[in-house]
Amino acid sequence: MSNSSSTLITGGSGFIGTNLVEHLISRQHRVLNVDIEPPRCSKHVAYWRQCDIRDQKALQTICQDFSPKTIIHLAARTDLNGGTLEDYSGNTEGTQSLLTVTRKCPSVRRCLWASSKFVCKNGYAPQHDNDFCPDTVYGESKVVGERILHEALDEAPWLDWCIVRPTSIWGPWFSEPYLDFFMTIYKKRFFNIQGLNPPRHFGYVGNAITQLESLMNAPVADIQGRVFYLADYDVYHVVDWAHAIAKRLGGRRSTPHSIPYTLAAFAALVGDVLKACGWKKPPLTSFRLKNMAADTSSVDLSPTKGVCPALPYSIDQGVERTVEWMSAESLIRPL
């Protein structure tokens, strides 16, 4: 097979990457996953090469041997637990390493570089692509990565490229925090917080994959150097989403209950104290409560809609497919 459908994915062992590898294999693409970790899906092992993307020499050898036409860069540290930019060197040095390798790999024609919505804090509506306002070190690391790309590629006619910023993506093969969200509802331990139901942008992973595929195939003039958010086009209200998940998991009796906001605020303060004392992930903190209250519906999805007008899955269909995967993986009892 020629390299016309050859795609190298960094971070293909992660959540979005696993779904993307599966999708492209099903479309008869020639696929290679470059990741420091083994695949989450055992049948993807044949498509995996172990490599730390900061190891430029090893990465260059892999890229030249595979000769991809397209590179989709998903590899990243994505948790919020790091304290310094050095803790997120995979996001900064890794981006620079892959950029250098891409320059030396003549087969590459298009790159999709994954950043994050966290280049801006929740609730902040950026006025343009380079309007950054992070409030986490993880977000700062993604800002550094985007700046590296713009500095090197704004005047790079040899490469088609764009940046994608996933929002809150969920679905099969996910882990925290949204697997925890589903499991909390499954165990009937989820409580709505009264008065806290802002509109938000989340994204079912099957829709995010469709958006990525559209960006892989779009005319260069439609994507070059631009930023595209990955999210469902309909906004979510978390309470409604939780009710839909509860109904699919266990019927009406699983419908979540509500607690007063004052009680949640007190629990968040207790969580702050527990975190200061060394508990890495208390159930609720003031930072998490603030994010839960943020209205994220202002994310500009119009560029993404321009290249991918329609999405294949509704929220209810995404919930159904996710619950089916959880059952198949024995995370929950068969329904």
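Since every read-out is calculated from the coordinates, none of them should be taken as a lab result. Not measured: the values here are computed from a predicted model. We place every Cβ from the backbone using ideal geometry, glycine too, and count neighbours over all the protein chains shown.
The table below lists the values:
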item: Rough spin-label spacing in nm, given labels placed 7 Å along Cα→Cβ, for residue 258 and residue 25; result: 4.5 nm
item: Likely footprinting exposure, 266, 118, 228, fewest C-beta neighbours within 10 Å first; result: 266, 118, 228
item: Theoretical gain in end-to-end length, residue 286 to residue 237 [0.36 nm per residue, Cα-Cα removed]; result: 15.6 nm
item: Full-stretch length increase - residue 42, residue 147 - with 0.36 nm per residue and alpha-carbon distance subtracted; result: 34.2 nm
item: Residues residue 155 and residue 86, FRET efficiency given R0 of 22 Å [Cβ-Cβ distance, rounded to 0.05]; result: 0.15
item: Computed helical MRE - 222 nm, the chain, DSSP H runs ≥ 4 contributing -39500 (n - 2.57), nearest 500; result: -12500 deg cm²/dmol
item: Using alpha-carbon coordinates, inclination of helix 89-103 to the longest axis of the chain, degrees; result: 30 degrees
item: Relative contact order (percent, whole number), segment 3-166, Cα cutoff 8 Å, 6+ residue spacing; result: 21 percent
item: Neighbour-limited loop hits for trypsin sites (Lys or Arg not before Pro), segment 212-316 (at most 12 other Cβ within 10 Å; DSSP other than H, G, I, E, B); result: 280
item: Given the chain, longest segment not containing exposed loop GluC sites (Glu not before Pro) (DSSP; at most 13 other Cβ within 10 Å); result: 156-328
item: Anisotropy class of segment 279-335 from Cα gyration tensor, a/c 1.5 cut; result: oblate
item: Of all DSSP beta bridges in the chain, antiparallel share, percent nearest 5; result: 5 percent
item: In degrees, nearest ten, helix 15-26 long axis to first principal axis of the chain (Cα); result: 50 degrees
item: Linear extension gain, residue 127 paired with residue 188, 0.36 nm per residue minus alpha-carbon span; result: 17.9 nm
item: Using alpha carbons only: equivalent-ellipsoid semi-axes of segment 3-166, gyration tensor based, whole Å; result: 25, 18, 15
